[in-house]
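The structure under discussion appears below in the form of structure tokens.
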Amino acid sequence: MGKEKGKIIVGDQFLYQYPLRVLESMCDEILISSCKNMEIEEKHLQICDEIPNIGPIGGLYTCLKKSSNDLNIILSYDLPFINEELLHFLLESLDTADAVFPAITIGKPEPLCAIYRKNIVGVMKDQIENLAFAVHKVFPLINTKTVLITENMPFYHKDLFLNINNETDLDKLSDDLR
């Protein structure tokens with residue numbers, strides 16, 4: 001986008017604050033994966049990737065490693081329509097899985113809106129050491145569960161997993177966030 005997208009004002013707050021408010025209502029520990037030391041108003045710990053420049057897996061690995069919790073909600077900071085009800089649904093769906101992902105379309109899980117167990121850190125480390133940096137390459141090596149999200153679910157929103165990557169995505173935001 002040519003600028004720090006988390007700091008784009010959407011409605012009455014910064015873009016990053018939408019998913020952060022959801023996490024604050026549910027979590028006692030929040031780690032923010034950011035090597036930029038983004039100036040944020042909240043007092044949450046910002047953590048730089050232990051292994052830089054390898055994409056989302058670097059932040060996911062580092063935050064899981066540093067987390068003090070077995071269960072971890074992972075959210076990209078550019079998902080303004082994520083809500084508590086969805087995350088509670090994912091937590092209830094986890095069962096014995098190492099990770100649970102929502103999906104609007106079968107075969108297309110949302111790995112940056114998911115619940116992960118801390119115990120997969122070793123598998124992630126092995127993948128990184130083998131230069132397999134795509135998060136989805138970890139999935140066959142752990143016990144995953146994907147739950148289909150349908151429009152008849154009370155927390156459903158047509159743009160539930162809309163992530164903001166450019167001006168066109170910003171234009172897609174509904175009026176209730178403007």
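What follows is calculated from the coordinates using simple rules that are stated; it is not laboratory data. Keep in mind that what you see is a predicted model, and the values were worked out from it rather than measured. As a convention, Cβ positions derive from the backbone with ideal geometry for all residues, glycine included, and neighbour counts pool all protein chains shown.
So the values come out like this:
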{"item": "The chain: Lys pairs at Cα distance under 21 angstrom, eight or more positions apart or on different chains", "result": "27"}
{"item": "Total charge dipole magnitude, the chain, about the Cα centre, Cβ charges on Lys, Arg, Asp, Glu only, Debye to nearest 20", "result": "500 debye"}
{"item": "Gain in span if fully extended, Ala134 to Glu42, counting 0.36 nm per residue against the direct Cα distance", "result": "30.1 nm"}
{"item": "Helix-only CD estimate at 222 nm, as mean residue ellipticity for the chain, using -39500 (n - 2.57) per DSSP H run (n ≥ 4)", "result": "-7000 deg cm²/dmol"}
{"item": "Residues with amide H under 5 Å from that of Cys48, placed H, sequence gap 5 or more", "result": "Ser34"}
{"item": "Separation in nanometres of the label points that stand 7 Å from Cα toward Cβ, at Thr96 and Asn69", "result": "2.4 nm"}
{"item": "From phi via Karplus (6.51, -1.76, 1.60), per-residue ³J(HN,Hα) for region 149-162 in Hz, x at Gly/Pro", "result": "9, 10, 5, 8, 7, x, 8, 5, 9, 4, 10, 3, 10, 5"}
{"item": "Average Cα contact separation per residue, region 5-171, under 8 Å, 6 or more apart, as relative contact order %", "result": "23 percent"}
{"item": "Antiparallel bridges, percent of DSSP beta bridges restricted to region 5-171 (to nearest 5)", "result": "55 percent"}
